[in-house]
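Notes to accompany the following structure.
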Amino acid sequence: MASLAFFFVLIFSTFLSSQANNLHRTQDESFTSILVSQNGLDFVKDLLVNEAISSIIPLQLPATIEKSARIPFLGNVHMVISNVTIYKIDVLASYVKLGNSGIAIVASGTTCNLTMNWHYSYSSWLVPIEISDGGRASVEGMEVGLTLGLENHEGTLKLSLLESGCYVKEITIKLDGGASWLYQGMINAFEEQIGSAVESAITNKLKDGILKLDSFLQSLPKEIPVDDNASLNVSFVENPQLSSSSIEFDINGLFTDGKTVQPVSNHYRQASQPSVFCIDQSKMLGISLDEAVFNSASALYYDAEFMEWIVDKVPDQALLNTAGWRFIIPQLYKKYPNDDMNLNISLSSPPVIRISEHNIGASVYADVIIDVVEGSQVIPVACISLVIRGTGSVKIMGNNLGGSVKLDDLAMSLKWSKIGNLRMYLIQPVMWTLVQTVGIPYANSYLGKGFPLPIIHGFTLQNAEIIFSSSQVTVCSNVSYSESDDLNQVPIHIK
């Protein structure tokens, strides 16, 4: 007996270990891929450049620049430039380039406009003299570049500054004031120092900006709420994949209830990570979802017991009275004449989603218990097993992926009966009508709301296209950006 008990304990512990390993692998696997094309990178680059400019200006250079010189007839002259402030930056051209070392962003032909205060002081043989006023300067042909590293850090993105630099090619200073023409030549001696101060200030400001951007990326949520019961796991898996013209991010993408991760059956598991392919290569963004994402939603709501319904109202209410069945199931009418009925519907297993090159198919396995209502008593009289097959279509609504389903086929069999044998060929047209007029509209009312795609707040899909391939659906789209966009997603509510 002891050896037999040990044998069962060994089997049970092996099973638990296998389940735990499966859950861990599921969390570490990618079922959704996001590809940002060169056009998408250029779009994001322009946003970052504009954001960098708006965060830099106005920028006051911290140092006061001083210089002393001996000038004939004047003696020792002390020159000071202070309150140097960059108030305008124009970028002529910029580009982003991907490589093994990281993401390089370069802005060239950049012009900076500055204001400054200046004064001179020297001692004459009569009295000390001080002359002060203001002026302007412009920096021409400045180049600013940085190289960024991007890696996965415990499911979030970590951004690091690998290299940065700012080079001032030419600076022009123009002084204001009544006597500025007299000292213009002297002030030109400050060009190198002003240029160096501009380079240092902009470089330091860019470093601060990268730290803030890194903080933003690491604060992105690892889950996106779908409704009160489910969320999308959008944790990043492995490091981003860089090519010469695109960057691909792999995320988990499965539905979760926030407590457990839905294991993915090997039967539905993808052979490899999703590859993103858009027919229109000019699209900025591609999002590829494996059918495992849809099946994880199916399993989650099934396990949460949201796929059970009591149907007591239908478009043709006569179908929920035994009198409406007197020619279909005569013994039912004979035993319970003119009694009301309920249909107790429950799914016997999670719906199975299949994605092919042409469409999305769904198979639903359900049990329908026919209940007779006599006063306050509910009497189950028969149970019919259904196999419902449908074809789905998907559409984009804002940043949500929604859809609908239509009925293709219905198979049925008698599971048990308390009223004798049933002629299934007579019952099938009734069941088809009930599924078509009750089940399908109910399902579409929820499918139409959709679930959120993994899009950062502020970005909105534009002119999206949907592509089907074997076991995957891909959304290819351009994007727009607005900080004021209201991207609160419409939740799905399943009761």
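The values are calculated or read from the model by the stated rules, or taken from the named source; none is laboratory data. Source: prediction; values computed, not measured. Reconstructed Cβ throughout: ideal geometry from the backbone, glycine too, with neighbour counts over all protein chains shown. The accessibility values were calculated without ligands, DNA or RNA, using every heavy atom of the protein model including side chains. Shrake-Rupley method; radii C 1.70, N 1.55, O 1.52, S 1.80 Å.
Peptide packing: for 150-157, 90-97, the average count of neighbouring Cβ atoms within 10 Å per residue gives the ranking 150-157, 90-97, highest mean first. If the segment from residue 367 to residue 78 were pulled out straight at 0.36 nm per residue, it would be longer than the present Cα-Cα gap by 94.5 nm.
Here the spin labels are modelled as points 7 Å beyond Cα on the Cα-Cβ line, and at residue 357 and residue 162 they lie 3.9 nm apart.
Mind counting lysine pairs for me in the range 223-481? Cα separation below 18 Å, and the two need to be 8 or more apart along the chain or on different chains.
Values: 283/395; 334/418; 335/418; 395/406; 395/449; 406/449.
For the range 223-481, qualifying lysine pairs total 6.
Rounded to the nearest Hz, the phi-derived 3J(HN,Hα) couplings of the range 333-341 under the Karplus curve 6.51 cos²θ - 1.76 cosθ + 1.60 (θ = phi - 60°) are 5, 5, 7, 10, x, 6, 8, 6, 9, where x marks glycine and proline. Listed by chain and number, the aspartates and glutamates whose alpha-carbon sits under 13 Å from that of residue 205, ignoring those within fewer than 8 places in the same chain, are 51. Compared with the rule-of-thumb size 2.2 N^0.38 Å for a compact globular protein, the range 223-481 has a Cα radius of gyration ratio of 1.21. Per-residue Karplus couplings for the range 227-235, computed as 6.51 cos²θ - 1.76 cosθ + 1.60 with θ equal to phi - 60°, are listed in order as 7, 5, 10, 9, 9, 9, 7, 10, 5 Hz, Gly and Pro entered as x. From the alpha carbon centroid of the range 186-236 to that of the range 83-123 is 17 Å. Taking 7 Å steps out from each Cα toward its Cβ at residue 54 and residue 397 produces label points 3.1 nm apart. What net charge do the residues around residue 429 carry, taking every other residue with its C-beta under 13 Å from that of residue 429, with Lys and Arg at +1 and Asp and Glu at -1? So the environment of residue 429 carries a net charge of 0.
Each peptide in 242-255, 214-227, 196-209 was scored by the mean count of other Cβ atoms within 10 Å over its residues; highest first, the order is 242-255, 196-209, 214-227.
Accessible surface calculations at 1.4 Å, restricted to protein heavy atoms, place the range 223-481 at 46 Å² per residue.
Between residue 170 and residue 90, what FRET efficiency follows from the Cβ-Cβ distance if R0 is 22 Å, with the result rounded to 0.05? Walk me through the numbers before you get to the answer.
Numbers: r = 15 Å, r/R0 = 0.66.
Efficiency, from the Cβ-Cβ distance: 0.90.
With the simple spin-label model, which puts each label point 7 Å out from Cα in the Cβ direction, the residue 309 to residue 466 separation comes to 2.1 nm.
Take the solvent-accessible surface of the protein heavy atoms, probe 1.4 Å, and return the percent of it on the range 223-481 that carbon and sulfur atoms account for. Present the calculation step by step, with values, prior to reporting the outcome.
On the way: 6350 of 11850 Å².
Result for the range 223-481: 54 percent of the exposed heavy-atom area is carbon or sulfur.
Taking the Cβ-Cβ separation of residue 326 and residue 243 as r and a Förster radius of 60 Å, what is the calculated FRET efficiency to the nearest 0.05? Rounded to the nearest 0.05, the efficiency is 0.30.
Our estimate of slack between residue 46 and residue 222, defined as 0.36 nm per intervening residue step minus the Cα-Cα distance, is 60.7 nm.
Assuming R0 = 35 Å, can you tell me the calculated FRET efficiency for the pair residue 406 and residue 379, based on Cβ-Cβ distance, to the nearest 0.05?
On the way: r = 34 Å, r/R0 = 0.98.
Calculated value: 0.55.
Which ³J(HN,Hα) values, rounded to whole Hz and listed in residue order, are derived for the range 432-443 from phi using the Karplus coefficients 6.51, -1.76 and 1.60 in 6.51 cos²θ - 1.76 cosθ + 1.60 with θ = phi - 60°, glycine and proline given as x? The phi angles translate into 4, 4, 5, 5, 5, 9, 10, x, 5, x, 5, 4 Hz.
Over the range 223-481, what relative contact order in percent results from Cα pairs under 8 Å that are six or more residues apart?
Numbers: 496 pairs, mean separation 44.7, N = 259.
It comes to 17 percent, rounded to a whole number.
Taking each residue as 0.36 nm, the span from residue 101 to residue 428 lengthens on full extension beyond its C-alpha to C-alpha distance by 111.3 nm.
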